[in-house]
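Notes follow once the structure below has been shown.
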Amino acid sequence: GVSVNSENFTDVSTFGVRAEARKLLSSSLLLTYGLDAFRDRVEGTDVRVSVTTGFGPPQVNVDRTPALPEATFLNAGAFLQAELDLGDRVSLVGGGRYTRIAAETFATEGLDLAPRDATDGKFVAAVNGLVRATDKLSFIASVGQAFRAPNLVERFFDGQATTGGIQVANPELSAETSTNVDLGLRWRTPRFGFEVFGFRNDIRDGIRIADLDTEINGQPAFQNVNVDRLRYQGFEISADARLGAGLTVLGSYTDLSSEDVDDPENPVGDTFSTKTTASVRWDAPDGRLWLQWNSRFQGDQREIDLPDNNPLGSFIPAFNVHDLRAGVRLFDTNTVQHRINIGLTNLTNVLYAEATNASFFRPAPMRNLTVIYELSF
């Protein structure tokens, strides 16, 4: 028999900077502008140990070939935004951003790959409008563009991504661009709030994981590819109520559908189809303690392509998870506040998988406890 144990580690170092300035050009026009940039450097440290037994002494083979070459990813951009008030009832926000990206790989021990590089740049713009019909009711509309270049893992990772699947690198991936339209209304009083929004997002060259219909070392092979035209559309309803005595109740419902415009039979869903959330929060009058319960229910996701041998079956089944969270402000020292935040997530220990982890079937974490010590000043 042969047993194989693989461990993949990707070390990512990120450095970034952002500079932003504001200038009030007139009583009704505010200008915001600036620059930002970040640079990732990654190194893969991978170990694959195979043990063959049954033919004399066990034969052990250790393979330390990295799944990701040493690489860097630079993202830099400049942005400009203007906020204009047209009287007391109408506000407009418009802006633009130019982004330049550069990805580069280097000679890596254990990999017989020539260094590669890729660059891309894009200018995107957006405009938003708000009309206050009354002091409580507002209508909101927005049109915007977006640009996202493939990250290093999407472009260059080649190896076992998680148990049950092999990811094949695709250095030729293109950046995805999109145009999004939102329309909605917002009603708010000091104690109650209600919002409803409809949206449509058209994506070109969308980056999605695809089944290659082949196997590598006995495991299904996948690759990130560009899909020419994708369309996501749906609506979201949310509401909140402040009941007094520190109690707040919140809820939302989202319906989302996805489509490959050029091939409607091709399932391209990469997130939920429907999502319902509910929360109850209590804040102490002195602000030193808060408690919150969250619930999330997601319906079946059938607009997705899963491998034939996936434990989930042909679609992602519905699931419901609950979380408990709390925060305590311990004490203040001069200008520093000391807090502890505690989260007990997946309270009922449900076995489920999100859409992003479904192709390789990597279940979401079981019940787990997170404790954060926070300093703010």
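Let me confirm something: among L312, L347, L369, which residue is under 23 Å from L291 (Cα atoms), of a type outside the set (S, T, N, Q) and not in a strand (DSSP E or B)?
L347
Residues being touching a helix residue (DSSP H, G or I) at 6+ places or on another chain (Cβ under 9 Å) and among the hydroxyl-bearing types (S, T, Y): count how many of those fall in the stretch 67-117.
2
So is V181 of a type in the set (V, I, T) and surrounded by 15 or more Cβ atoms within 10 Å (Cβ to Cβ) or not?
Here the answer is no, as V181 does not meet what is asked.
Of the residues that make up the stretch 350-358, is at least one aliphatic (A, V, I, L, M), more than 19 Å from A318 (Cβ to Cβ) and surrounded by 14 or more Cβ atoms within 10 Å (Cβ to Cβ)?
For the stretch 350-358, residues aliphatic (A, V, I, L, M), more than 19 Å from A318 (Cβ to Cβ) and surrounded by 14 or more Cβ atoms within 10 Å (Cβ to Cβ): absent.
I'm told N266 meets every condition in (1) at pLDDT 90 or above; (2) of a type in the set (S, T, N, Q); (3) part of a loop (DSSP other than H, G, I, E, B) except one. Can you identify the failing condition by its number?
So the condition that N266 fails would be (1).
Please find, among N151, N170, N128, the residue that is in contact with a helix residue (DSSP H, G or I) (Cβ under 7 Å, 6 or more places away or on another chain) and on the phi < 0 side of the Ramachandran plot.
After applying the criteria, what remains is N170.
Looking at (1) assigned to a strand (DSSP E or B); (2) at pLDDT below 95, which is the one condition that is false for H322?
Evaluating H322 over (1) assigned to a strand (DSSP E or B); (2) at pLDDT below 95 leaves (2) as the failure.
Considering each of S13, S6, S27 in turn, give the residue that is over 30 Å from N75 (Cβ atoms), open to solvent by less than 70 Å² (accessible area, probe 1.4 Å) and of a type in the set (S, T, Y).
After applying the criteria, what remains is S6.
I'm trying to understand the selection: among the residues of the stretch 251-273, which are surrounded by 17 or more Cβ atoms within 10 Å (Cβ to Cβ) and free of Cβ contacts under 8 Å to residues at least 24 places away in the same chain?
T254
Among the residues of the stretch 90-147, what is the count of those that are more than 17 Å from N180 (Cβ to Cβ), touching an Asp or Glu at 6+ places or on another chain (Cβ under 6 Å) and open to solvent by 30 Å² or more (accessible area, probe 1.4 Å)?
Going through the stretch 90-147 one residue at a time, the tally reaches 3.
Given the criterion in contact with a Phe, Trp or Tyr (Cβ under 7 Å, 6 or more places away or on another chain), assigned to a strand (DSSP E or B), at pLDDT below 90 and open to solvent by less than 50 Å² (accessible area, probe 1.4 Å), identify the matching residue among Q160, Q167. Lay out the reasoning, then the answer.
On the way: Q160 fails: in contact with a Phe, Trp or Tyr (Cβ under 7 Å, 6 or more places away or on another chain).
Testing whether each residue is in contact with a Phe, Trp or Tyr (Cβ under 7 Å, 6 or more places away or on another chain), assigned to a strand (DSSP E or B), at pLDDT below 90 and open to solvent by less than 50 Å² (accessible area, probe 1.4 Å) leaves just Q167.
Look through the stretch 274-320, keep the residues that are touching a residue at least 40 places away in the same chain (Cβ under 8 Å) and under 23 Å from N368 (Cβ atoms), and return whichever of them is most open to solvent (accessible area, probe 1.4 Å).
Residue satisfying both the conditions and the ranking: P311.
If A326 satisfies every condition in (1) closer than 26 Å to L369 by Cα; (2) surrounded by 13 or more Cβ atoms within 10 Å (Cβ to Cβ); (3) in contact (Cβ under 8 Å) with a residue 40 or more places away in the chain but one, which is the exception?
Every condition holds for A326 apart from (3).
Residues of the stretch 30-65 being farther than 22 Å from E154 by Cβ and open to solvent by less than 50 Å² (accessible area, probe 1.4 Å), which ones?
Answer for the stretch 30-65, where residues must be farther than 22 Å from E154 by Cβ and open to solvent by less than 50 Å² (accessible area, probe 1.4 Å): L30, L31, T32, G34, V47, V49, S50, V51, T52.
Within the stretch 205-260, take every residue that is at pLDDT 90 or above and outside any strand (DSSP E or B) and give me the one that is farthest from W293 (Cα to Cα).
Once the filter is applied, the top-ranked residue is A245.
Take the residues in the stretch 108-132 that are in contact (Cβ under 8 Å) with a residue 12 or more places away in the chain and among the small types (G, A, S), then tell me which one is nearest to S174 (Cα to Cα).
Only one residue fits best here, namely A118.
Given the conditions (1) without any contact (Cβ under 8 Å) to a residue 12 or more places away in the chain; (2) in a strand (DSSP E or B); (3) not small (G, A, S), which single one is not true for I340?
Here I340 meets the rest and fails (1).
I'm told F199 meets every condition in (1) within 20 Å of L92 (Cβ to Cβ); (2) modelled with pLDDT of 95 or more; (3) surrounded by fewer than 16 Cβ atoms within 10 Å (Cβ to Cβ) except one. Can you identify the failing condition by its number?
(3)
I need every pair where a residue in the stretch 1-28 that is over 30 Å from P58 (Cα atoms) has its Cβ under 6 Å from the Cβ of a residue that is of a type in the set (D, E) and part of a strand (DSSP E or B), sequence separation at least 6 or different chains.
D11/E43; V12/D40; T14/D40; R18/D36; S28/D85
The values are calculated or read from the model by the stated rules, or taken from the named source; none is laboratory data. Here the structure is a predicted model, which means the values were calculated and not measured. No Cβ is skipped: glycine too gets one built from the backbone with ideal geometry, and neighbour counts run over all protein chains shown. In case anyone asks, the SASA skips ligands and DNA or RNA and just uses the protein heavy atoms, side chains included. Shrake-Rupley method; radii C 1.70, N 1.55, O 1.52, S 1.80 Å.
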